[in-house]
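Every read-out reported here was derived from the displayed coordinates using simple, explicitly stated rules and does not represent laboratory data. Just so it is clear, the model here is predicted, and its values are computed rather than measured. Because the Cβ atoms are built from the backbone with ideal geometry, glycine has one as well, and the counts that use them run over all protein chains shown.
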């Protein structure tokens, strides 16, 4: 039997909690497991360190409390890599866990027990944590869904920190549909958590309500052979699922990933629980102790050098997002055996995190989903990654991948869909006219064939001209489709100079929306920039057109500041 539990609640306690659950609550009666670095009132929080087993939590973690308020019923606490330091699931004095698909292969960690409990059908929902990939890796190795929300979306009050400010509480479920109500219940701006952030009242600028353009790495990844085959199949599947697949260079993301354990962030682990590792003892995992004690020697200048390096990588990696909605990556480069970890505990773990370590450092959200099996029959998992607070549309994308029903965002009465191809694009100089008028980005797209793009002559702000000619390239022109209130459409038309006007634009999926078009006679002296693939690429010679390689660290002017939306806290939706 797998050592997945550190604590099972008495049946009488579970029954009492079930009776207390509000039958009208969205999670009424749903049993859930809790990773043992998350407090449950009246019970120990060991973080897989038996020396902590004598101390009982006075109150439940905010995340646990919110699930209970939503009707869910806790049934126990689960095994983990000690102090949430590891992606392997073997660093626990309670025993090493293995994948539900193979007793020879690791379960992944550090949320090992939570993932196994869900994958084995013992519970439909479990809480984990994810700092470096601790929710996504075991999800991938056990064929389930792991949701790593935007940092601060779910409170970490009552969670033993691994790396404060970088930690995330995550959900583990068998389907995306099961994760949705859990994440809705967990989303709350906690005044007691200094890292908590309120959810914006609307999607931040540049995040589409419907994700249709997904990036993949532009170069082969360093994957094990079995993983490589499964990854190729996943990319092929993606091409038939979304409107466009855009190759991008992910080097800045991979460079950021190295900082979590090779940079000064290890000092945060030492600050959180280093005192528990000195002196040594039989209850301590030697690999965890070796890693964390390195944080004792990190000096102040090293911290600031690391922060500056991360800021640089964050800025360069951000240049990917204006062209795409999400990034698809494997969760891991391979699926090690328990024997592999025993032979090289540090090296195997470090390699596992190369596609997951960067997400929280770069303030991204992610969802790990099953992607079939490798040729040897082991589960294979991929992850969709997007900017902060893109959680809702990212879940829709993940659900589409999993074949689960997704309702497209409706166009509210009094609004229309409007395609823009130039200075009104997200982050460009005239985008404020859309945002200020109450418009929201619906999705990114490309026109059908038969359109050409021009740079119009004249002083002042460079102006585009999109013309329906019938002889444009098969790949079309990049556009954004915005949901715009009717009143704002009129205001935009008042600012529109000739030879531009409003007309119908046919998209590559055959649908037609309103958009700004130029008359053919108005572009006789204009510069044809159709080959760039879109206005944004044409404005920066170093930018590749969408559909080609995007190299985000190339020299370019800093983008204009993104307008932030007002934020508020969420009230309980089911009451």
Shape call for the range 415-539 from the C-alpha gyration tensor, a ≥ b ≥ c root eigenvalues: rounded (a/c under 1.5), prolate (a/b greater than b/c) or oblate?
oblate
What does the C-alpha gyration tensor say about the overall shape of the range 5-401? Classify as rounded when a/c is under 1.5, otherwise prolate if a/b is larger than b/c, or oblate.
rounded
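Of 426, 134, 102, how do they rank once you tally other Cβ atoms within 10 Å and put the fewest first? Don't skip to the answer; put the middle values down first.
Details: 426 22, 134 35, 102 17.
Neighbour counts put them in this order, fewest first: 102, 426, 134.
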I'd like the FRET efficiency for residue 493 and residue 233, computed as 1/(1 + (r/R0)^6) with the beta carbon distance as r and R0 of 60 Å, rounded to 0.05.
0.80
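Run the numbers for residue 1 and residue 241: contour at 0.36 nm per residue of separation, minus the present Cα-Cα distance, in nm. Intermediate values should be presented prior to the final figure.
Values: separation 240, 0.36 × 240 = 86.40 nm, distance 3.94 nm.
In short, 82.5 nm is gained.
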Under 13 Å from the residue 511 label point (7 Å along Cα→beta-carbon), backbone N, the range 383-427
407-412, 416-419
Length-normalised contact order for the chain - Cα pairs under 8 Å, 6+ apart - percent
14
Contact order normalised by residue count of the range 415-539, Cα under 8 Å, 6+ apart, percent
35
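Treat the count of other C-beta atoms within 10 Å as a stand-in for reagent exposure and order 261, 451 from fewest to most.
Going from sparsest to densest Cβ surroundings: 261, 451.
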Please report the antiparallel percentage of DSSP beta bridges with both residues in the chain, rounded to the nearest 5.
75
Would you mind computing, in nm to one decimal, how far apart the modelled labels at residue 502 and residue 416 are, each placed 7 Å from Cα along Cα→Cβ?
0.3
With a point put 7 Å past each Cα toward its Cβ, work out how far residue 293 is from residue 24 in nm, to one decimal.
5.7
At what distance in nm do the modelled label points of residue 221 and residue 201 sit from each other, each positioned 7 Å from its Cα along Cα→Cβ?
3.9
Would you please put 93-100, 360-367, 338-345 in order of how densely packed they are, using the mean number of other Cβ atoms within 10 angstrom per residue and starting with the highest?
360-367, 93-100, 338-345
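Contact order normalised by length for the range 425-484, with contacts defined as Cα pairs under 8 Å and 6 or more residues apart; what percent is it?
On the way: 98 pairs, mean separation 26.2, N = 60.
Relative contact order here is 44 percent.
Fewest Cβ neighbours within 10 Å first, please rank 88, 481 accordingly. Can you show the working numbers first?
On the way: 88 28, 481 24.
Arranged by neighbour count, lowest to highest, 88, 481 become 481, 88.
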